[in-house]
Amino acid sequence: MPPDTKHVQIVVRDGAVPQSNVQVIFQNADDTVVADVVTDASGQATAEMPSGGNLTVIRTYPVPAPPKEPTPAEVYTYVGVKPGDSLVLVRPANDQTPASAINVIVPQTAQGTVKVDTACGSGQGTAPTVPVTLRGCMPDAFYVTANQASFFAHAPYSENVDVSSVLLRQMLSSSVSATNVTPGTTVTVEQRIEASGFLLYTSGAKRIDATAANIDMPQLDGVEQVVIKQVTDGNNRTQAVAVHSPYTAELSTVDASTGLIASVSAKPTFMPTGITWMEATPGAPDFVISSLSVTRGGTADPAANKYVRTTIAPYAGTSLRLPVLPATASLYTPNSKGDQIDVSLGLAKVDGGYDAIRANAFTVANILDATPMGGQFTLSYAGTRRGF
């Protein structure tokens, strides 16, 4: 049943593959259970929900044969959902997803090792034919690199995809510097190129607070960029500001003073009822995102002793109450006395507010990649950011 003005829907996928039999818990704001169900064959679960309720998805994974380590269970909670929400939760396709293979025909002029990346997998080889292994979907967009040259092209999916007529273009070099740098702060910039739902290229984080940095970027058309400025002060407080726009390789200066919000002034503290923290500097966030990496006390079984609980919620001051899960999911309620709990928390502000980010917050590995097109997203945290 599609979502409407009364219902909330979640779709769970690994890559493009729907995941069935995933537990989904719909709760009112007071934690009473509206529905405790599993996703259907299309990866969907739907329930009629009041405004302000919570939705939790619990992902568990088969235990692999040694020597592979078990994948910890993952618990995702959306706080403050609204009727009509259509949420999407996506993890990468994994090595248990059935694989297929295609050949990509590239220009004969491509030198050395040629790499082909898609949203569904990648491969490398030599011109003119590069084998590509795919999992979970059938791509129609291809990023080809060879000897510091590249191109991005769309082509119909087939067993033999021909992009041999597309021109390989060499990288462009530019110099990027920072303005309005506060003494004692470190400033880096990263330029990421994205298209068709996957990351094509990243410059990597380049430090620019003291001197300009050289950044080499590919010449590509019809793609997008996320430019991430990261400002860290002397107290290890970091603010990352992302701007999503059509791609241009002409980045030259970054203003270190713009887009900043309140800082998390110290490592957040976990309590049985939730997470608390202290803030410094002005700038009101729109929402909070937290990640708890939990190792259960007294559990020797490596397949069952770890899980990660990630929560996204509207900002409501310097504490985040974690919804209390029902008995069917009580295994994923942290106990500060017996469990080892590593807390990571970020304050965030985004153009369009919490409503603009909620549906797609868990579709990307780096939440900054969920920055709306044409918008800005600021993430503020203390110490090292993990899990979002």
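Quick rundown of the values:
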read-out	value
222 nm mean residue ellipticity, helices alone, for the chain (DSSP H n ≥ 4; -39,500 (n - 2.57); rounded to 500)	0 deg cm²/dmol
Cut-off 16 Å (backbone N to label point 7 Å along Cα→Cβ of residue 245), residues of the stretch 201-224	222-224
Contour excess over end-to-end distance, with Cα ends at residue 37 and residue 366 and 0.36 nm allotted per residue	115.6 nm
Inter-label distance, nm, simple model (7 Å from Cα along the C-beta direction), residue 63/residue 28	3.9
Two-site label geometry, residue 180 and residue 122: point separation in nm, points 7 Å out along Cα→Cβ	3.6
Residue-wise HN-Hα coupling along the stretch 19-36, computed from phi with Karplus coefficients 6.51, -1.76, 1.60 (Hz; x: Gly, Pro)	10, 8, 6, 8, 5, 10, 10, 9, 10, 6, 4, 8, 6, 5, 7, 8, 7, 10
Zone residues, the stretch 248-287, relative to residue 212, backbone N less than 11 Å from point 7 Å out along Cα-to-Cβ	252-253
Residue 82-residue 330 pseudo-label distance in nm [points 7 Å out on the Cα-to-Cβ vector]	3.5
Cα extents of the chain along the three principal axes, largest first (Å)	63, 54, 46
Relative counts (whole %) of C-alpha pair distances in the stretch 99-169, using bins that are 5 Å wide	4, 20, 35, 26, 12, 4, 0
Contour excess over end-to-end distance, with Cα ends at residue 355 and residue 252 and 0.36 nm allotted per residue	33.8 nm
Peptides ranked, highest mean first, by Cβ atoms within 10 Å: ranges 260-267, 343-350	343-350, 260-267
18 Å cut-off, amide nitrogen to a point 7 angstrom out along residue 171 Cα→Cβ, residues in the stretch 230-252	248-252
Inverse mean reciprocal Cα-Cα distance (Kirkwood Rh) of the stretch 171-255, Å	13.2
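Since every read-out is calculated from the coordinates, none of them should be taken as a lab result. For clarity, every value in this text was computed on a predicted model and none was experimentally measured. Ideal geometry is used to build each Cβ from the backbone, glycine not excepted, and the neighbour counts take in all protein chains shown.
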